Amino acid sequence: MMSEPNSASRRGLLLAMSGSARLAHALATVGIALGAAAFFLQRTLGWPGFLAAIVVALALMLLSFLARQEEVRWRALLPISLLVFLVWATVSLIWSSYQWTTVAGLIYLLAFTLIGLFVAISRDTIQIVRAFGDVLRVVLALSLGVEIFSGILIDMPLPFLGVHGNLGTLGPISGIEESRDQLGLVAIIGAISFATEHRTRSVPRLTSVLSLVLAGLCIVLTQSPVIAFGTVVVGIAAALIYLVRRVRADRRQVSQFIILALAVVGATVLFIARSPVIALFNASGTLDYRIDLWRQVISFASTNWLQGWGWLGPWRVDIFPFSYLSTSPERPADSALNAFLDVWLQLGFIGVVIFVGMVGLAFTRSWLLAGARRSVVFAWPAAALVALIIVSLAESSILSDFGWMTFVICCTKASQELSWRNALRAPPKTELPVASDA
């Protein structure tokens, strides 16, 4: 007779433990670490170990979610645009000629989608920034440590990590990431997080300053033209956000239109003057490689231009047509090195329209929030999305692992704050307070 009360008490204790804020914080940190260190974990644990870690993390996240579901903001939980993209990627299974690989790619995509959703709905924005800061400090420090060990202490490459030991010649370095561009993207997101921590005084001043120096070192040592250009654009975007936040509320809409016009003019000027810009960032060699690959991608994408070949995510060089998409046998491509072309190849023109709409809506919401909300922490999603979008023009990082998880977090947080579903269900809110630097 005592078994039922004991069973009920055990369930209650389990729910109480699963619903603790400390566990939610730990799981959010672990989830971000799984994305930021995905390549390192794949190489050290192997795919079975890495996937097991993801499954365990998702199981614990589910328990935490169930225990805290009364606290969850159900409205705008999943952005419709994100859901449509996931549905279309799933539908591509119908015509995919590599269906089992498509299933695997969809499961992998869904896993990091769920991790991103858990982080977004279980943590406030400042808590997310702190979690990113804690993880990326370790990832960047470990990357620099690995490069010091390889390039200076033993003066030998570490092939299993793709580390060439170039630190002695000041780069390029990739650390524990798959490529120098991926390390650069992590460093840019890290710099945005560290700067936000500094502005909100979330960590000691010395910690934030040293973290920014670490991120800056990693950005410089990648010697990546893509990352150099992305850093400049993110810096300009941060300055514009600062200016918009200083404008009075009644003049803010006009300032946003001015910024939009300047962005269009700037993009046009960059396109016209692309040759000197490429020379400035020393990007001619890497651009030639990309242009050659993009031509091949466009050729194959045009074959199934409407619906694509089927979702895959990161490429498999043993599967057609990806086995034919390489500029040289010594340098096989694992992506289209452009997220938009990658989506066109895998999900067709329909997928591109959905993807552009999803990214555009997420960025617009984040940008408006960054300019309107009082706390500077709301600038973090907008700045992070700028980094992801710019790098996505020369990499496909936004479609998997860290990039996709970060995008899902930013997209979901923006949807929670500026959702048309909330507007339909709730009375209109009063005007947002004038932004400040607090």
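The values are calculated or read from the model by the stated rules, or taken from the named source; none is laboratory data. This one's a predicted model, so the numbers in the text were calculated from it and none came from an experiment. Glycine gets a Cβ as well: all are built from the backbone with ideal geometry, and neighbour counts include every protein chain shown. The area values use the complete protein model at the heavy-atom level, side chains included, leaving out ligands, DNA and RNA. Shrake-Rupley method; radii C 1.70, N 1.55, O 1.52, S 1.80 Å.
Name the shape class, rounded, prolate or oblate, that the alpha-carbon gyration tensor gives for segment 38-134, where a ≥ b ≥ c are the square roots of its eigenvalues, rounded holds for a/c under 1.5, and otherwise prolate holds if a/b is larger than b/c and oblate otherwise. Please report the intermediate quantities before stating the final value.
Numbers: a/c = 2.07, a/b = 1.24, b/c = 1.67.
It is oblate, given that a/c is not under 1.5 and a/b is not larger than b/c.
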With every protein chain in place, what's the accessible area of PHE118 (1.4 Å probe, Å², nearest 10)?
-> 10
Using a 1.4 Å probe on heavy atoms of the protein chains only, the accessible area for ILE126 in Å², nearest 10, reads 60
Extension gain ALA249-LEU270, at 0.36 nm per residue separation less the Cα-Cα distance, in nm?
-> 4.4 nm
Estimated distance in nm for a label pair at SER302 and ILE148, the labels positioned 7 Å out from Cα along Cα-to-Cβ = 5.2
Using unit Cβ charges (K, R positive; D, E negative) and no other charged atoms, how large, in debye to the nearest 20, is the dipole of segment 81-207 about its Cα centre?
-> 440
Amide H to amide H under 5 Å from TRP315: which residues, 5+ apart in sequence or cross-chain, H placed 1.01 Å off N in plane?
-> SER335
Two pseudo-spin positions, 7 Å from Cα along C-beta at LEU393 and at GLN42, lie apart in nanometres by 2.6
Please calculate the 1.4 Å probe accessible area of THR364, with all protein chains present, and give it to the nearest 10 Å².
-> 70
